[in-house]
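The values are calculated or read from the model by the stated rules, or taken from the named source; none is laboratory data. Source: prediction; values computed, not measured. All Cβ positions, even for glycine, are placed from backbone atoms using ideal geometry, and neighbour counts span all protein chains on display. Accessible surface is based on the protein model in full, side chains and every heavy atom, while ligands, DNA and RNA are left aside. Shrake-Rupley method; radii C 1.70, N 1.55, O 1.52, S 1.80 Å.
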Amino acid sequence: LLALALLVAVGYVVRETTAPLPGTAVADEGRGHVDIGTKVDYRIQPPASGSHYPSTAEWKTYFDQQLPPEYYVHNLEHGGVAIIFNCAPAACESLKANINGLYRSLSKSKYGTVKLVSTQDSTLPEGQIWLLAWGRRQMLDKWDQNEVSKFYEVYKDHGPEDAP
């Protein structure tokens, strides 16, 4: 009886101290490769899985161009995190500074790089910021460095393919 009470108590403590994972799980859309230039029709936007180009994007921020999702989805497969945003013109400089500062504060992956890619997406509603990892998404309506850092630290190096 004492053993049963102890097991129940331990189960309660574990349940009460396990924090939920950040973001929302989304259906896996597959992992196939498509030729560079092919447009993939993802079921959800911005995508957190699915077919993608055979090469990844460089781990950096793409402020002056819109990186196609077919590149950053491959980064997610490699255990990276993506920040996808459509900043209001008056807020873009501040967001750029925040993202640049974030890169300097994040821990490196087991491969020695900050596994973060970020890009604008003009198809999103103005002001939206999405955090993406393979099979997980979280939407922010304003910059929150703590939320972004937590999302990155939880999902860094946790994609379905263990690669740099």
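What to note about this one:
- Selection from segment 68-104 of residues that are buried (at least 22 other Cβ atoms within 10 Å of the Cβ) and of a type in the set (Ser, Thr, Tyr): Tyr72
- Condition check for Gly11: at pLDDT below 95 and either of a type in the set (Gly, Ala, Ser) or in contact with a Gly (Cβ under 8 Å, 6 or more places away or on another chain) (or both): yes
- For segment 114-164, a residue qualifies if it is of a type in the set (Phe, Trp, Tyr) and under 11 Å from the mean Cα position of the chain (by Cα), and the qualifying residues are Trp130, Trp134, Phe151, Tyr152, Tyr155.
- Pairs, first farther than 29 Å from Glu93 by Cβ in segment 136-164, second open to solvent by 50 Å² or more (accessible area, probe 1.4 Å) and in a loop (DSSP other than H, G, I, E, B), C-beta under 6 Å, six or more apart: Asp157/Lys110; Pro164/Tyr111
- Among the residues examined, Tyr111 does not qualify as open to solvent by 50 Å² or more (accessible area, probe 1.4 Å) and in contact with a Phe, Trp or Tyr (Cβ under 6 Å, 6 or more places away or on another chain).
- Condition check for Ile83: within 16 Å of the chain's Cα centre (by Cα), closer than 13 Å to Thr61 by Cβ and touching a residue at least 60 places away in the same chain (Cβ under 8 Å): yes
- The set of residues in segment 15-60 being open to solvent by less than 80 Å² (accessible area, probe 1.4 Å) and modelled with pLDDT under 95 consists of Ala19 alone.
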